[in-house]
Amino acid sequence: MSEPSESYAIRIEKLTVKYRGKAAVAGLNLRVPRGAVYALLGDNGAGKSTTMKVLTGQVPPDAGRAEILGFDTWAKAADLRHRVGYVPDRPKLYDWMTVAEMGWFAAAFHLAGFKERYLDWAAKLGLDPNKRLKDLSKGGYARVGLALALSPDPEVLLLDEPTSGLDLRTRREFLGSLVELAAEGRTILISSHSISELERFVSHAAFVKDGHIPLAATLDELRGRFRRVGFRAVGPTPDLSTLGRVLESTRTGRSVQYLIQDPDPMALEALRKSSSVTDFDDGPVPLEDIYGAYMAPIAIEGTAFRPASARTPMEVTT
């Protein structure tokens, strides 16, 4: 880890965690800039939750290293508890307590000011301090977890599938609050497999597969690297060998559409001007479509594509 620690709130290098001899995380690398809202995207079992457990000091690495704010997350777990907020995918709270009592209880494990900040956050999040947790909706229960995570006044917020089980309106309200928190200078890492709704709120994204990260970038960089190109061939099929790596292809009659990684601008312009092409269209690709195509690319017979060995993956030091 040679870069200055002040550049990144979270840095993970060659992280490996094994359960019963099987790697849940295998050489994972990640750098999260300060002030980012960073999405860690992957299917169930990809290694996201294990990575979160390492970052929160619940699990030690078998190899590699993880740091938050320049501190080792295992060796300095107790110190980081007062600088990092964490919302697990299934918060385990004392349901018989009221909202206010939950904050009073948690304050015993934190520094001065926790209880007061908790009550402030509970009010901001629309929670009734006198209501018992067992009587709250799923959305209300999730807001208690968020209030507890924010009460240490953390510099970094870790969210592991925080919107699981919430209704659409509550999910959007919850995610919208993340942008406001980042604007206050906090860094947010959110683990999820619900990709489409995150696109409006995050600044960066990393794809997790089989315990490592093959691709990580800002959203603007991802949108620039992947394009959806469609056209109708009115003559011989144009030579697409130089266009880029085709991850997805669909064909209806003589109309075709390709999802392309790292398209060559000159090749795209040549295709646009080709006499054998009409109805040319070139547009951006939603994050969910990029994820689906990149993580499980399927080469359709008859389409032009570069083999995976010819691909240069984006560095994960973004």
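The values are calculated or read from the model by the stated rules, or taken from the named source; none is laboratory data. Quick caveat: nothing in here was measured; it's all calculated off a predicted structure. Cβ coordinates were reconstructed from backbone atoms using ideal geometry, including for glycine residues, and neighbour counts include every protein chain displayed.
Which of the residues spanning the range 94-130 are closer than 23 Å to ALA77 by Cα and touching a Ser or Thr at 6+ places or on another chain (Cβ under 6 Å)?
Across the range 94-130, the qualifying residues are PHE114, ARG117, TYR118.
I'd like the full set of residues that are farther than 27 Å from ARG34 by Cα, out of contact with any strand residue (DSSP E or B) (no Cβ under 6 Å at 6 or more places or on another chain) and of a type in the set (Lys, Arg), limited to the range 132-158.
The answer is LYS134, LYS138.
Select, from GLY70, GLY21, GLY45, the only residue that is surrounded by fewer than 23 Cβ atoms within 10 Å (Cβ to Cβ) and touching a residue at least 24 places away in the same chain (Cβ under 8 Å).
That would be GLY70, the only listed residue that is surrounded by fewer than 23 Cβ atoms within 10 Å (Cβ to Cβ) and touching a residue at least 24 places away in the same chain (Cβ under 8 Å).
Determine which member of the set TYR291, TYR258 is at pLDDT 85 or above, in a helix (DSSP H, G or I) and surrounded by 15 or more Cβ atoms within 10 Å (Cβ to Cβ).
TYR291
Of the conditions (1) over 30 Å from GLY140 (Cα atoms); (2) surrounded by fewer than 21 Cβ atoms within 10 Å (Cβ to Cβ); (3) under 15 Å from the mean Cα position of the chain (by Cα), LEU215 satisfies every one except a single condition; which number is it?
Result: LEU215 fails condition (2) only.
Restricting attention to the range 105-124, report how many residues are in a loop (DSSP other than H, G, I, E, B) and free of Cβ contacts under 8 Å to residues at least 40 places away in the same chain.
3
Go through the range 174-199 and give me each residue that's polar (S, T, N, Q) and either touching a residue at least 60 places away in the same chain (Cβ under 8 Å) or surrounded by 20 or more Cβ atoms within 10 Å (Cβ to Cβ) (or both).
THR187, SER191, SER192, SER196
Testing ALA63 on (1) farther than 20 Å from ARG83 by Cβ; (2) of a type in the set (Gly, Ala, Ser); (3) surrounded by fewer than 22 Cβ atoms within 10 Å (Cβ to Cβ); (4) modelled with pLDDT under 95, one condition comes back false. Which one is that?
Failing condition for ALA63: (4).
Is there a residue in the range 202-220 that is modelled with pLDDT of 90 or more and in a helix (DSSP H, G or I)?
yes
Give the range 173-193 a look and list any residue that's out of contact with any Leu (no Cβ under 9 Å at 6 or more places or on another chain), on the phi < 0 side of the Ramachandran plot and outside any helix (DSSP H, G or I), or say none.
Passing the criteria: only GLU184.
Considering only residues that are over 16 Å from the mean Cα position of the chain (by Cα), part of a strand (DSSP E or B) and of a type in the set (Ser, Thr, Tyr), which ones fall in the range 9-60?
THR16, TYR19
Within the range 141-172, restricting attention to residues that are assigned to a helix (DSSP H, G or I) and within 18 Å of the chain's Cα centre (by Cα), which residue is surrounded by the most Cβ atoms within 10 Å (Cβ to Cβ)?
LEU146
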